[in-house]
Structure formats: C-alpha cells, structure tokens
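Reviewing the structure listed below.
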C-alpha cells in the first residue's frame, strides 16, 4: 500500500508548485492543475479504501493497523522520537475518503466561485497546503506527527480565512482563529508532554494496544488536585481537540472564520478541519476509556451543552453563513457526545461507531449546505437573510440540493443524517437519559433553524432585486459539485458502518431502535420543520413578535450570549492592559530604570568628586606638602 | 595551520584589503568575496567534521591546534571544534554572508565594513577557541566594534543605545573575567585550556559556588538574561540593519554558547547546585519577553523582546542539563539566529522604504511589496513555531527534553515556558496583521518598490536555511546530540 | 668652620619659601622662580652633606652640578612655554590657562 504516500505527496507538490510559480500562471491553469491533482489524490484514496476495507485490511475478523511506510524525522531520546509515517486503519481510511472527496468538490466549485478573484493561484496553493496537512493529520502514526500537522492545518486555515487580506474583519477573524486554536494547542502540547513522559512513547499503536494497558499502568496512583495524572493529560489533549472542533467555550473563532471565502468554509470549517478534534478523541479512544473515563464523561457533558447552546444561537442569526457555522458547532458536539457516551466492545461501542458515522455523513451534507449558501451569496452578493427570498424560482438546482441537505441534517429518513443521528441518540439513551433528552431537543431545534434558513432563502417574500443583477443559477462548475454532494447526502446513510468502523475494530450488527429512538426523533424533527414552515414559508410577521416577547433572552442569543465580548475583555483588558502594559512599564521604568539609575549614580558621584582633579598643580603640591608634614609629624610624635 | 585559523584569517585579510579599496564597487567585491570564502570554509568544515567523525575520530574536539603566545601565564592560541561549535560557525558564516547584502548601501562603507569584519573576527575566534583567555579576548574584540557600529551608523538615540549596550556588556565581561580568573586559579593547575580543565582538573566546589554565578551571569548578560536584558531593545532599535542581524543572530549566541561551554561544562557541580536560581530567571525571561513584545509598537522593539524570550529559552534548556534539552538549546540558538536575522533584514528593508518602524503607521504592505511581505509572514510563522521551520524543531526538542527532567519543579517550569508559544502567536499575528494586511495606511507607501536583488539574496538565503533545518532536522540534531554525549556524562556522575 | 646646621637652616628656609611661592603665586614666572628656589635648596643640601659627612668623596658635588645643568635646561624650556602661552592667550596667569580642560 506504499502508493498511499502519493495521496499526501500530490497536494504538497501542488502547494510548492502553485505557491512558488503560481503567480506566473494564468488563473485557469493554476485552478486546473490544483483540481487535477486533488482528483488524483481522491482516486488514490478510493483505491486505498477499497483495498483496505475489502481486500487486505481484515484478518481474523479484525481490521488491522497497517503502516505502509514510516521514517524517523527527529529523535528526542532513545524512547521518544517523532516518526513521519502513514497509518491506515478504519478511521484514517474513512477520513482520507472524506477529505479528498470534499476537497475535490471544493476545488471544482471554486473554479466557478472564485473566478476572476485576485490571488486565485494563492487560493489554490493554500487549498493544496490545507489538503496536505489535513491528510497528514489523519494518517499520523504518532501523536507528535498529529501535532505537527495539527499546527499546519491551523496555519492553512489562518491563511484562507484571511484570504481577503485587505479587509480588516477578515484579518481580525483569521488572527482570532489562529490564536484561540493556538491557546487550545498549548493544552494539547502539555498533554502530549505529560502523556509521553509517563508512557515513554508517542506512538498511537503502543498507546492504544491491549486496551491502553501502557497508559493505565504507567500512570497508576499519581494524582493531582483530585484527578489522576492520566486524566489531566487526556483532558489537556482534549482541550486541543476542543479548540479545533469549536467546543464551548473555545468555539468563538468558528463563526468569525466565516469571513473566508465560502468554499473554504465548506472545506475547512464544516467538513474536515473542525472534526479534527473528534478524530483526535476517536484516535485515542481506548486511552480515554480505560485510563481516563472521567474525561470521557466530561466530554459528553461539554458536548451536550455545546450542542444545545450553539443550536439556540443558530435560531436567531441572520447571516446565513453564521447560521451554518453554529449548526456546525452543534453537529460536531453531537459527535463529541457520541464518543463521550460510548463503551468499547460490541454493541457497547455503538457511540464510537455513531460518532464516526455522523462525521462521515455530516461532512457531505454540511459541505453541501455551505456550497449551496455560497451559490446563493454568489447570486445576491449578500450574506444576510433579509436580502433573500423566493430564490427557488431563480436558482432551482441550488434550492433542491439545499433542501436535500436540510432534510439530511434534520434527520428525516431515508437521508443520511437520520441514520447517524439515530445511532447517536440510541447511544445516549443507553448511557444517560438527561443527555438523550437534551440531544433530542437539539435535533428538533436543528430541524427548525435549518428550515428557517431554507424557507427564508428560497421561499418567503420576493425581494426587490436589482434589474441588472437578477439572481441567476450558478454556472455548471458550481452546480455539479452541489449535485454530487447531494447524491452523497442521500445515500451515505445506507452504508453499513458497524461493519467497518467500530471501537474494537470488530464488526457488530447495529439496528435502528424504532420505538424508543427513531420515531421520537422523526416526530421532533418534523415538528421543527412544521413550525419553521408556519413561521417563515410565507414570510409572516410572527417571528418578529415572538422575538419581541422573548426580550432579553432574544437579544442575548443574537449576540451569541456575549461570549465574544467576554473573550474580547479577556484579551484586550486582561492580557493587554493588565499583564503586558504593566510589564512594559515595569521593564522601561523599574528594570531599565535601575540600569539607568546605576549609570546616573556613577555619573553623579564622579561629578561630585571631579573637583579634586582640578588640574591645578599648585593645589596638588599644597596637598602633598601638607600631607607629608602631617605624616612626618605622626612619625615623629607617635 | 589548522582549517580553523582561516576563519580568523579571512576577516583579517578582508580588513587589509578594505584599506586599499578606492570605491564602492571594490568594497563590495572584497566583502562578497570574503563572505563567500567564509561560507565555503564553513561548509568545508562541516563536511570535513562529519567525515572525520564517520571515520571514527572520537576525540571530544577535532582539528585541534595550539600555539603558546604568553608562556608565563600558560596562555595559548588553542583551537578546536566539536559539533556544537561547527553548528555555530556555520550559523555565523550564513549571517555574515547575508548581512553583507543587507548593508548594500551604507554611507562611509569602508569604515563600516572595517568594523564589520573586526566583529566577524571576534565572533569566529570565539567559537573556535578552546583557551579561556583567547576566548575572552575574542569576546571583547566582538563587543567593541558594536559600539562604533551603533554609535556611528545607527538611528534614533544611537549614542545612548550604543553606550548602554557597551557598558552593560562590559559590566558582564567584568564578571566574566572574575569567573575566568577563578577558574584559572581554582583549578589548582594554572591552565587556560578548556579541555584540560574539564577532563583532568577539578575545581573545588567551594570555588565553583562563586565562580559559576559570575561566569553564568557574565555570559548571561549577552544572552539577554532577565533582568539584564534591557540593552537589547534599545541596542537593536538603534543599530543599522546588518548590525542588528549580526548582533541578535550571532552575538547573542556567544552568550548562550559561553554559558554552556564555560559555565556549565567546567563547573557541573555548581550548576547542579545553583542552577535553579538561573532557571527561574530564564523562565521569567521566556514569558516576560513574550508579554513585553505584545504591546510594543516599534517593529524592532517587538523583535528585540521576542529575542529576549527566545534566548531565554536557550539558557532555560541549557540549565535543564539533559541531552535532549541541551540539543534543543543549541538548535534554538541556530534557529533563533537565523529567524531573527531574517526579521531584522526585513525590518531594515521595510524601514528603508517607509522610514517608519511604528506598526500603527503602516498597513497593507502585502499589496505594495509582496515579496518582502511574504518573507515577513514566513519569518513570523517560523518564529511562532510552525512545523516545517527550524523554530518548531528547536522548541519541541527543548520542551520534550525539559519535561523529561526527573524533578517536578523543572517540569512545572517547562509547562510555564510552554505558555510562551501562545503569547508569541499573539504578538506575531498582531504585527503581521497590522503592517502587512488591512488597507494601505499611507498613500505615499503605494509607490514603494519591492525588495531589490541583493535584499532578495539575503532574505532567501536565510529562509532556505530555516526551512532546511525545519524539514530535515535529524542530521543537525544528531550532530549536536553526539557532541553532547561526553559533556552530558559530567552531569550524570553527580 | 661654620656649623652644618646653619647651611641647613638656610636651605630649609629657601625650600619652604619656594614651596610657598609655588603654591600661592599665580604668575607663571614667579612659579618658575619659586621652583628654582626649591631646586637650589636641594642642591645646597647635596653640597653640604657631601662636604661635611663624606669629605672623601665627590658624588654630592657632581650631583649638584648635574642639578644645575638640568635646572638651566628646564628653565629654558619653561620660559619658552611661558612665552608661547603669553603669545597665545595674552597672559601668564595659571588660572587662565584652562583651555585644555575637559
């Protein structure tokens, strides 16, 4: 399977090619090369997936970990060294497929969407860099390799969010995204340090072998502030994941990240990079489960809260990309919850399976939603819902594909979201009733806000469109990816996931629990859709009245519960005003002052005694004579 | 004559040739030829060193040579290199080379380059010496030209800064002299040879207790150890571009190298006993420097404080006293030297065009000078530790190495030092966002030209070096790590 | 024969008068004259001690002659300097010669 290396090398070479020589190329040439390369990577990863899942991966009923290649990159100590390699196991192969597919769609779509933009080549170079880093992240053989690519995806995300670098809001958003995730990465790094110190390895294989025996035994009996040291390490590593995956309270960067071009939001901030945190937890799942079960519970609760919180905010946002951003946060939280409530073997591990399943389906329908939104934005040149309405008749393809995606995310059978969400709810039901009911409610909210979005854009009232710029359907380069993704959104739910991806890598038979989970969730989702239909399909005045009756709560929701302001306060007032400014003052006045003071004292002292060295020889003689007389007298009389 | 002596000889010859130069053309020819010769020498040395090692030469130092030049005090011109010195010499050669291109259009060029070459003599001499006195002499030779270079060719409050820098560093070298004398007499057998003292003689612990702090502090001042770092922001802000490059890139490394080679190497017992005091100071340096940089508005101040933070990390890792952390420290010296030289080259480039270094007065430079701006972004990303550049490799080696320390106190300090990576991101992105992105602030800037060819050589050379270390760190890490093995043994015995 | 003490009294008086003059006078010529007094007092001492204490040898006398020669040379140089100072600043008051002071 050595050819799997090509999946990584292709985008990297493309990045170098486009980054170094792109500015000399014509736009469409650069775009074409980028897309073609990504197509190659996609085909290769399909081949790898087929080979792995159906030909060589499974031996004795278990999917093996394959390491087709690996080399030493840096050696710290005899035990700790960073290797760069490729690890193929069910989840990494699945991620390869997801990333290359969505990336290819985005490459294709961008040919139309970004047409004529300045910096088109740069855009494709960074897309390639991102694809490379993300692919490197998922095939990492050890936690440090993951950290390396983790940082690289962060940087490519930074560059792409700040693509319109002359727009101050885009620059601010990119900065915020990088710094918030960097802060989370600090936790990740410290977690890695602690984990590797006790276990003496970075290697995923060694860490997760035999139910994470290594981590369990090496960190026994050590505790700090009531939690075992293993739990601390894993919690800190989860912090890194929470930063990338936008879990509360580190989610604040994601809505702002929508400043980037829409296809970028689809690729990075919906389908791939933001699920890196989920992937990280899934990768280390045995360690979490056996060495730090407390943390897993914490993850479940943080996830539950984030899901609810983000869904509530999504209901009131008016910028369509922000609605989608909050919906992304909420859906990723679903995946986190699912991991949090999961057990290990057989049917206990349904949560793990469901999480990966949802990750898979979500990637396609959320990418579709974003690309659809991009298509709409392309047509009306605005992100605000109030500028849209009745677009169905102008852009039918976008409308229908968007509708399919909405059904998928709302969890209506037989669309893909239904199957994955259903498994998550089932896992939650068997673990914790509270989580189950909250998540069920969130499912209703999801259906409601998605259809609010849909009705507002494509139905509702006709708006005054400029005659010169009548909205029109996007070009084929943009609609074809939409259609392909729509097909994925419809059918990926039918894949028998428990056959392939499970916590213990052994297949089990999952079944849909119609009575306790599926029927209630469908009912809740339908209720949400109906409410959205009543309120928004005809463009009535009711939503405004409801908003008014909610008063402060509504205002708080629109302002995202003022969390941005809180973070702003922390950075601006605490870091800048309370730490850095005083340090600056201290440095200039106390430390430097002490140095200058020393110089000043020296100068003053020498000033005050320099009168003695007057240059008047007569004075010196006088002092000399008097001095010798005094000494003579002393010698004579004592 | 050993190959090492050429490193001193070439700059001396350059000085002689500069005297007979008549015009700018000739001066540039001399400088480029000389700097290239140094580069070639450095590459040759590296290759030769690796070959010798591969051939089984297992002496601690290779290419050793010694000529007594003051017999009654046992002072010799003794040279020798191990992997660490080779790395440092290579770094110096790169920076001297790129520095020449960064000072392409200097007024009073001949005098400028005279001092520049003298500085190079000191720097190279320091790294090749294994005799304490000769080392100290070269150290002073490197410091003095700094005063004139800043005082005459600087900008802003140049006299003040030059004076401050020189006085503080001279104050440091007074401590250093005490330390060297302490070692000289303390070892019982009046010898100045580092290797002899380290391997055959033992300095009693009572003497070490006061000699170690003096020596460490003496070199620490040059390594911007808190609270003796304040010369660095003022000095860098006033110095001309190439001098800043050389100073932050190489001269500050003299401090780290000296701390390691003299203080730690010769007095391991005291280092074990008193290291924690300096460890706390360096820990403060790391975080303090980063926080200070966050609110600065002058580009050079930002970079100077960032140097305080990064050089603090060097001393921090040296004091961790294990092989991984020390390897990281040396790599951080290399990486910081290259990065910061790149930064100063770019700041000089920008300042030369916009005539301001205040980040509030600039904006949107990416549109105006794309080449320089992209380089600046790369420098920034390297500085905040992006994988693929040298900073990441060095910092991670330091963090992982430091965290392997058996003592909890050291591990907690390591976590505190890790925090600097976030703060670094804050100030780097703040600067990049302010000056490169956003709308163009000053319409006069619109006509500014992008980097000229000589500036491109200088920046690209540094970027290639940074990326080379970042992409293939194993070679250099092994080179350093192997040289550390005999040294680390001294700490393990205790 | 005159007692040695009388010579010494004279030379001591000369010496201290010279010192006094050297310290208090501001005129460079006066200072030079005072200096001559001091030197001559010393030379008297040399001669006297040689004559009274070591009558057999002549070193003290030689030294005196040597001293006289040096004094003459010194006076010549000093007067040359004084003349030049006078030409340059129009005064030979030592207080006014402070142009070279930092």
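Each reported figure results from applying straightforward, stated rules to the coordinates on display, with no laboratory input. For clarity, every value in this text was computed on a predicted model and none was experimentally measured. Counting neighbours? That spans all protein chains shown, and the Cβs are built from the backbone with ideal geometry, glycine included.
Summary of computed values
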| item | result |
| --- | --- |
| Alpha carbon Rg of segment C:4-89, scaled by the compact-globule rule 2.2 N^0.38 Å | 1.27 |
| Gain in span if fully extended, residue A:463 to residue A:526, counting 0.36 nm per residue against the direct Cα distance | 19.9 nm |
| Sites residue A:563 and residue A:472 - FRET efficiency at Förster radius 41 Å, r taken between beta-carbons, to 0.05 | 0.60 |
| For residues of A:586-599, the mean tally of beta carbons on other chains within 10 Å | 4 |
| Fraction of alpha-carbon pairs over 23 Å apart in segment A:221-377 - percent | 36 |
| Point-to-point label distance, residue A:54-residue A:598, nm (Cα→Cβ direction, 7 Å offset) | 7.6 |
| 10 Å Cβ neighbours from other chains, averaged over peptide A:173-183 | 4 |
| Peptide ranges B:121-128, B:268-275, B:45-52, A:364-371 listed from the most packed, as the mean C-beta count within 10 angstrom indicates | A:364-371, B:121-128, B:268-275, B:45-52 |
| Cα gyration tensor, segment B:29-108 - rounded (a/c under 1.5), prolate or oblate | oblate |
| Descending semi-axes in whole angstrom, ellipsoid equivalent of segment B:3-488, from the Cα gyration tensor | 34, 26, 20 |
| Normalised contact order of chain B, rounded percent, pairs of Cα under 8 Å and 6 or more residues apart | 15 |
| Relative contact order computed over chain A (Cα-Cα under 8 Å; 6+ residues apart), in percent | 12 |
| Chain C: relative contact order as a whole-number percent, Cα under 8 Å and 6+ apart | 27 |
| Cα→Cβ-extended label distance, 7 Å offset, between residue B:36 and residue A:62, nm | 6.3 |
| Average partner coverage of B:387-394, which counts Cβ from other chains inside 10 Å | 3 |
| Mean Cβ neighbour count within 10 Å, used as a protection proxy, ranking A:256-269, B:59-72, A:283-296 highest first | A:256-269, A:283-296, B:59-72 |
| Expected 222 nm ellipticity per residue - DSSP helices of 4 or more, -39500 (n - 2.57), all of chain A, to 500 | -22000 deg cm²/dmol |
| Cβ-Cβ FRET estimate between residue C:68 and residue C:99, R0 fixed at 35 Å, reported to 0.05 | 0.55 |
| Inter-probe distance in nm under a simple model that places probes 7 Å from Cα toward Cβ, at residue C:13 and residue B:453 | 9.3 |
| Highest to lowest packing among B:323-334, B:85-96, C:47-58, scored as the average C-beta count within 10 Å | B:323-334, B:85-96, C:47-58 |
| Percent of Cα-Cα distances greater than 65 Å, calculated over the protein assembly as shown | 22 |
| Chain B: calculated mean residue ellipticity at 222 nm from DSSP helix runs of at least 4, using -39500 (n - 2.57) | -25000 deg cm²/dmol |
| Three semi-axes of the equivalent ellipsoid, chain A, Cα gyration tensor, whole Å, largest first | 54, 32, 27 |
| Helix A:519-536 vs. chain A, principal-axis angle (Cα, 0 to 90°, nearest 10) | 80 |
| Crossing angle, helix B:420-435 versus chain B [Cα axis fit, 0-90 degrees, rounded to tens] | 30 |
| Solvent-free Debye scattering, log10 I(q)/I(0), computed from the Cα coordinates of segment B:183-339 at q = 0.13, 0.15, 0.17, 0.18 Å⁻¹ | -0.59, -0.75, -0.92, -1.00 |
| Residues B:410, A:251, A:589 arranged by fewest to most Cβ contacts within 10 Å | A:589, B:410, A:251 |
| Angle between chain C longest axis and helix C:28-53 axis [Cα atoms, degrees, rounded to 10] | 10 |
